[in-house]
Every structure is written in structure tokens, then in C-alpha cells.
Amino acid sequence: AMDLGGGGVRINAADWFQLRIEARKSENVSNGFALSEGRTADELIADFTVPIARKWIVRLGGAETGYDDDNHGHRLHAGGDWILIDHPHELKFFLDGEWRETDERSSDVFDGGTRIGIIHPYWTPQSYHMAMAGLEWRHDLSEGTRREGSQRYYSVRAAGGNDSDDNAFVQGRAALHIDFANVWSVESGVFLHGSQDWDAVGGSVSIGASF
């Protein structure tokens, strides 16, 4: 999917918990039929993070996706982090699990023996679930110059897992985060995915403000 923009809020309740609510709009570019029809989706995301001990963190969340052809997708996820090396240079082990469901499955439209279209031309998982585990390294770049509440760091993570389609995979991510002017933050990242069934490469840039 191609991100068309969005926005959200993040609440940090005195380090007791963090809540993120975000709305995003994207264009589906998974195949030629989706491109020609200009299919878009609106997604509402909520994430809840709770530190249950100094080095243990629990993450819960979900998302609802509304497609412009009246289909809907649902996602739930849960995970946990175990911090092996603490700040300023953090190494953590993580576990993640995910469940996805779509109201209506995609289906091909044929004229004779020729496929002429796809109803719901995008991924429509049915009772899909996934689990993965990995390591993440986060390097603080703001030592000695850090202002209260500001962050500068890069992170690198590697993970492997499997899903209900029996498609084992490996993933890699790298990101750079910089806060500036006491309000603004910018984050850029790259993503790699490799598996027997499909491969992917992606990138992102986001800008946020804190008040």
C-alpha cells in the first residue's frame, strides 16, 4: 500500500502506560487491478503499552480498516519485550503475535478463460495468524546533549517467524528518530521481508509534534 497521510495522538501517562491512536489513509498498489480502480483504505489504529517491571513491557493493540468497496478488515496484536541491556544502548528480545480477518474474500472475475478483474483486489486474510521473535538494538545519540523529553536514536531489528499459511519468514528493520525545537520529531525507516511466498522492501518518513 502507498501511504497517503494521516495523523494521531500519543499519551504517555507518567510512564505508567502509553496509548497511541492514529488514523491513516492509503492507496492499494498490490496489483494492476487495484491501481486501475484507484482502491483506497482508511485505517484506525490503537496501541497500548504497559511496563509491568523494569525490564518487561507488554504491548496490545488493534486496527480497523474500511475499504472504499465496502469491505472491512480487522486486526489484533499482542507482544512483549524483555530488555537485556538497558539505556543508553538498549538491546531487547521481543515476541509478537497477530490475528487478521476480512469480512469478504477477494475473488477473480473471468471472461471465458481470461481473468478480467478481481473483486476486492487486495489481501483479504481469513482467520490469519502470525508469530515471530527477534532482537532489537537501539543506540542513543543524544548523550551529553539530551534535553528533557527529547530523543535522538537509531534502531536496528532482526526477526523470524511463521504464520497460518506455513510461510516462514525473516524480517529486518532500521530506523532513525530525531526530536528538535522542543516540539517536533522526524523518523525515517526501511523494512525488508523475505519468505518463500513473497518478498518486500519498504520505506517510510513521518513527522510528529508533541504538546
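The values are calculated or read from the model by the stated rules, or taken from the named source; none is laboratory data. Note that this is a predicted model, so its numbers are computed, not measured. Neighbour counts run over all protein chains shown; Cβ positions are idealised from the backbone, glycine included. Calculation scope for accessible area: heavy atoms of the full protein, side chains included, ligands and nucleic acids excluded. Shrake-Rupley method; radii C 1.70, N 1.55, O 1.52, S 1.80 Å.
Things worth noting here:
- When residues of segment 14-40 are limited to those that are part of a helix (DSSP H, G or I) and free of Cβ contacts under 8 Å to residues at least 24 places away in the same chain, the one farthest from His77 (Cα to Cα): Ser36
- Only one of the numbered conditions (1) at pLDDT below 95; (2) over 19 Å from the mean Cα position of the chain (by Cα); (3) aromatic (Phe, Trp, Tyr) is not met by Trp82, and that is (1).
- Candidate set: segment 2-19, residues that are of a type in the set (A, V, I, L, M) and under 11 Å from Ala46 (Cα atoms); chosen: the one most open to solvent (accessible area, probe 1.4 Å): Val9
- Residue in segment 89-101 that is aliphatic (A, V, I, L, M), in contact (Cβ under 8 Å) with a residue 40 or more places away in the chain and surrounded by fewer than 17 Cβ atoms within 10 Å (Cβ to Cβ) present: yes
- Condition check for Asp3: closer than 27 Å to Ala159 by Cβ and among the acidic types (Asp, Glu): yes
- Screening the candidates Ser204, Ser210 for the property of being of a type in the set (Gly, Ala, Ser), touching a residue at least 40 places away in the same chain (Cβ under 8 Å) and over 28 Å from Glu101 (Cβ atoms) yields one hit, Ser210.
- Candidate set from segment 26-36 (those that are touching a strand residue (DSSP E or B) at 6+ places or on another chain (Cβ under 9 Å), open to solvent by less than 80 Å² (accessible area, probe 1.4 Å) and not polar (S, T, N, Q)); member that is modelled with the lowest pLDDT: Val29
- Per-region count, segment 190-211, residues within 18 Å of Glu22 (Cα to Cα) and either within 16 Å of the chain's Cα centre (by Cα) or open to solvent by 90 Å² or more (accessible area, probe 1.4 Å) (or both): 5
- Within segment 172-189, if we keep just the residues that are among the β-branched types (Val, Ile, Thr) and under 15 Å from Tyr154 (Cα atoms), the residue that is surrounded by the most Cβ atoms within 10 Å (Cβ to Cβ) turns out to be Ile178.
- Where Asp47 falls short, out of the listed (1) more than 21 Å from the chain's Cα centre (by Cα); (2) modelled with pLDDT of 95 or more: (1)
- Of the listed requirements (1) open to solvent by 50 Å² or more (accessible area, probe 1.4 Å); (2) at pLDDT 95 or above, Tyr128 misses just one: (1).
- Conditions (1) modelled with pLDDT of 95 or more; (2) surrounded by 14 or more Cβ atoms within 10 Å (Cβ to Cβ); number of the one not met by Val156: (2)
- Residue match in segment 41-49 (condition: charged (D, E, K, R) and either out of contact with any Lys or Arg (no Cβ under 9 Å at 6 or more places or on another chain) or in contact (Cβ under 8 Å) with a residue 40 or more places away in the chain (or both)): no
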